[in-house]
Amino acid sequence: MTHPAQPTASHFINGEYVEDTNGTPIPVTYAATGEQIATVYAATPEIVDRALSTAKEAQKAWAKMTGTERGRILRRAADIMRERNHELSVLETYDTGKPLQETLIADATSGADALEYFGGLAGSLTGEHIPMGEDWVYTVREALGLCVGIGAWNYPTQIACWKGAPALACGNSMVFKPSETTPLCALKVAEILIEAGAPAGIYNVIQGMGEVGGALVTDPRVDKVSLTGSVPTGKKVYAAAAEGMKHVTMELGGKSPLIIFDDADIDNAVGGAINGNFYSSGQVCSNGTRVFVQKGIKEKFLARLAERTGNAILGDPQDEATSFGPMVSENQMNIVLGYIEKGKEEGARLICGGKRADMDGYFIEPTVFADVTDDMTIAREEIFGPVMSVLDFDTEEEVIARANDTEFGLSAGVFTNDFSRAHRVIGQLEAGSCFINSYNDAPVEAPFGGVKASGVGRENSKEAIKHFSQVKSVYVRMGDVEAAF
């Protein structure tokens, strides 16, 4: 019998499902059991061409619609997505292995938030009038054209909307390639947009590995590339896009610091550390995986952390009681287990976890290392799994320097009850998305993105509009032209 997660077809192009079994088969594995639940096929060159030519053609008419008309469609799609939240969340859980307890509130809902927010902004995207005495200049905000979105496997529904909603609000069309590990959810986003009244061809989804991504990024018809992924992938895509002088947004990895001062509320700080390390089983790019704890509260913090980590419920992700799911794939599980072994070898003190859970699927116990030093591998490299490194510090100046000593700069957090210190420290941390007495909140109203190797550009908020549009300026002379001869 066909599994309910098996999509109608692999690709969604020009308003309908399209299959081409000549492409490389991509097995879809349910991370909680290791069983194959679906198969899709990588896009052949013909499929890539069809998606791009369709999107290029559809974009012109879409851009000519008023922003209000485009916004109405996006807002309608948001409503449909909310109505279907349960079934979309079940699919996301099959796609990623993340617990239903989480997907019900964090995935399709935040995708719907993006469609609603950018749908609301679409009618307000105007230029300005600049008086120059008798003359004047006016500006026009125009679409870029055809955008390519390349998704990551941790938030497939959310990322498909975080990229699609601002692109479409500005009058662009999009070809979206989900991660080959989680190919299912973006197809539903494309389907819902059509149902909401979007013209065929403005949002297309095609499957594939790096080869398909490469074909999309280098195609001369493409005007903009938005990628969520790792730093090595980001560097390759950025370089390829530069060849064609394409606009880019890069939302890449991190090794973010979470700084907890002596005067912090311990339970809130522990909660922030749990959210910043174990949500989505640690598979979040902005995670605060270097937890710096001031020495005065170190043992108290570790004791409370171990106690609360013991409350994690590992189990069937489709059961709403489960609060901690598996790694997305066997490969990712093995990468993370390798880092855990390095942590042990390099002398970090294991507080809890530290091994694969004794159950089916790709589960790793939530793992905490203490007495971690700045030079340990687990404190330098992005692990992308449930491994928290707790480091000690004495002074504010010292911890700021150490927190910034990394190639990354996606996020940073501070827990303290001294508000002047909170703002002073955040002001000196080299990161794009920061938190005070909280961690990993990502509302669509706030810009999201990194500095240094963690990326370029911003997703969400009004900032995203700048990355999916361009400004034309027109100088209007009201009097006679003076010329030298």
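Being touching a residue at least 60 places away in the same chain (Cβ under 8 Å), in a strand (DSSP E or B), of a type outside the set (Ser, Thr, Tyr) and surrounded by fewer than 19 Cβ atoms within 10 Å (Cβ to Cβ) holds for only one residue in ASP360, ASP392, and it is ASP392. Criterion first (buried (at least 21 other Cβ atoms within 10 Å of the Cβ) and in contact with a strand residue (DSSP E or B) (Cβ under 8 Å, 6 or more places away or on another chain)) does PRO178 satisfy it? The answer is yes for PRO178. Residues that are farther than 18 Å from GLY149 by Cα, among the hydroxyl-bearing types (Ser, Thr, Tyr) and open to solvent by 70 Å² or more (accessible area, probe 1.4 Å) occur at least once in the range 18-26.
The C-beta contact set for the range 37-52 (first residue surrounded by fewer than 20 Cβ atoms within 10 Å (Cβ to Cβ), second residue among the aromatic types (Phe, Trp, Tyr), distance under 9 angstrom, 6+ apart or interchain) comprises ILE37/TYR30; ILE37/TYR94. Considering the range 107-144, the residues that are closer than 24 Å to LYS56 by Cα and β-branched (Val, Ile, Thr) include one that is surrounded by the fewest Cβ atoms within 10 Å (Cβ to Cβ), namely THR126.
Yes/no per residue for (1) crowded, with 18+ Cβ neighbours inside 10 Å; (2) of a type outside the set (Ser, Thr, Tyr); (3) at pLDDT below 95:
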{"site": "HIS247", "(1), (2), (3)": "yes, yes, no"}
{"site": "TYR279", "(1), (2), (3)": "yes, no, no"}
{"site": "GLN283", "(1), (2), (3)": "yes, yes, no"}
{"site": "GLY288", "(1), (2), (3)": "yes, yes, no"}
{"site": "GLU299", "(1), (2), (3)": "no, yes, no"}
{"site": "ARG308", "(1), (2), (3)": "no, yes, no"}
{"site": "PRO326", "(1), (2), (3)": "yes, yes, no"}
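Scanning the range 52-80 for residues that are among the hydrophobic types (A, V, I, L, M, F, W, C) and part of a helix (DSSP H, G or I) turns up LEU52, ALA55, ALA58, ALA61, TRP62, ALA63, ILE73, LEU74, ALA77, ALA78, ILE80.
Among the residues that make up the range 102-114, is at least one of them of a type outside the set (A, V, I, L, M), over 28 Å from PHE468 (Cα atoms) and either touching a strand residue (DSSP E or B) at 6+ places or on another chain (Cβ under 6 Å) or part of a helix (DSSP H, G or I) (or both)?
Residues of the range 102-114 that are of a type outside the set (A, V, I, L, M), as a first pass: 102-103, 107, 109-111, 113.
Those still in the list that are over 28 Å from PHE468 (Cα atoms) too: 102.
Checking the rest, the ones that are also either touching a strand residue (DSSP E or B) at 6+ places or on another chain (Cβ under 6 Å) or part of a helix (DSSP H, G or I) (or both) come to 102.
Among the residues of the range 102-114, at least one is of a type outside the set (A, V, I, L, M), over 28 Å from PHE468 (Cα atoms) and either touching a strand residue (DSSP E or B) at 6+ places or on another chain (Cβ under 6 Å) or part of a helix (DSSP H, G or I) (or both), which makes the answer yes.
One residue alone among PHE369, PHE301, PHE363 is within 18 Å of THR29 (Cα to Cα) and among the hydrophobic types (A, V, I, L, M, F, W, C), and that residue is PHE363.
Open to solvent by less than 10 Å² (accessible area, probe 1.4 Å), in contact with a strand residue (DSSP E or B) (Cβ under 9 Å, 6 or more places away or on another chain) and not in a strand (DSSP E or B), is that true of ALA422? So ALA422 fits the description; yes. Would you be able to say whether some residue in the range 256-267 is assigned to a strand (DSSP E or B) and touching a Lys or Arg at 6+ places or on another chain (Cβ under 8 Å)? Yes, the range 256-267 contains a residue that is assigned to a strand (DSSP E or B) and touching a Lys or Arg at 6+ places or on another chain (Cβ under 8 Å). If you check GLU365, GLU345 for being free of Cβ contacts under 8 Å to residues at least 24 places away in the same chain, within 26 Å of LYS298 (Cβ to Cβ) and either surrounded by fewer than 16 Cβ atoms within 10 Å (Cβ to Cβ) or not small (Gly, Ala, Ser) (or both), only one passes: GLU345.
Among the residues making up the range 257-277, those that are acidic (Asp, Glu) and either under 18 Å from VAL425 (Cα atoms) or open to solvent by less than 10 Å² (accessible area, probe 1.4 Å) (or both) are ASP262, ASP263, ASP265.
Residue under question is GLY315, and the condition is that it be open to solvent by less than 50 Å² (accessible area, probe 1.4 Å) and out of contact with any helix residue (DSSP H, G or I) (no Cβ under 6 Å at 6 or more places or on another chain); does it hold? If you could, list the steps in order and put the result at the bottom.
Working: open to solvent by less than 50 Å² (accessible area, probe 1.4 Å): yes; out of contact with any helix residue (DSSP H, G or I) (no Cβ under 6 Å at 6 or more places or on another chain): yes.
Against the criterion (open to solvent by less than 50 Å² (accessible area, probe 1.4 Å) and out of contact with any helix residue (DSSP H, G or I) (no Cβ under 6 Å at 6 or more places or on another chain)), GLY315 qualifies.
Applying the condition of being part of a loop (DSSP other than H, G, I, E, B) and in contact (Cβ under 8 Å) with a residue 60 or more places away in the chain to the range 115-136 and asking which residue is nearest to VAL444 (Cα to Cα) yields LEU125. Total residues in the range 441-466 satisfying the condition of being in a helix (DSSP H, G or I) and surrounded by 22 or more Cβ atoms within 10 Å (Cβ to Cβ): the figure is 2.
Go over the candidates ALA5, ALA9, ALA32 one by one and state the one that is part of a loop (DSSP other than H, G, I, E, B), of a type in the set (A, V, I, L, M), touching a helix residue (DSSP H, G or I) at 6+ places or on another chain (Cβ under 7 Å) and under 17 Å from PRO183 (Cα atoms).
On the way: ALA9 fails: touching a helix residue (DSSP H, G or I) at 6+ places or on another chain (Cβ under 7 Å); ALA32 fails: touching a helix residue (DSSP H, G or I) at 6+ places or on another chain (Cβ under 7 Å).
ALA5 is the lone residue from the list that is part of a loop (DSSP other than H, G, I, E, B), of a type in the set (A, V, I, L, M), touching a helix residue (DSSP H, G or I) at 6+ places or on another chain (Cβ under 7 Å) and under 17 Å from PRO183 (Cα atoms).
Residue count for the range 368-382 satisfying the condition of being open to solvent by 10 Å² or more (accessible area, probe 1.4 Å) and either more than 15 Å from VAL291 (Cα to Cα) or not charged (D, E, K, R) (or both): 3.
Of the residues making up the range 81-95, none is acidic (Asp, Glu), modelled with pLDDT of 95 or more, in a loop (DSSP other than H, G, I, E, B) and touching a Phe, Trp or Tyr at 6+ places or on another chain (Cβ under 9 Å).
The rows are residues; the columns are (1) in a loop (DSSP other than H, G, I, E, B); (2) among the small types (Gly, Ala, Ser).
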site: ILE192; (1), (2): no, no
site: PRO199; (1), (2): yes, no
site: GLN207; (1), (2): yes, no
site: GLY214; (1), (2): no, yes
site: VAL225; (1), (2): no, no
site: GLY234; (1), (2): no, yes
site: VAL237; (1), (2): no, no
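The values are calculated or read from the model by the stated rules, or taken from the named source; none is laboratory data. All figures in this text were calculated on a predicted structure; none of them were measured in a lab. Methodologically, a virtual Cβ is constructed for each residue, glycine included, from the backbone with ideal geometry; neighbour enumeration extends over all protein chains shown. To get the accessible areas, we keep the full protein, side chains included, count just its heavy atoms, and leave off ligands, DNA and RNA. Shrake-Rupley method; radii C 1.70, N 1.55, O 1.52, S 1.80 Å.
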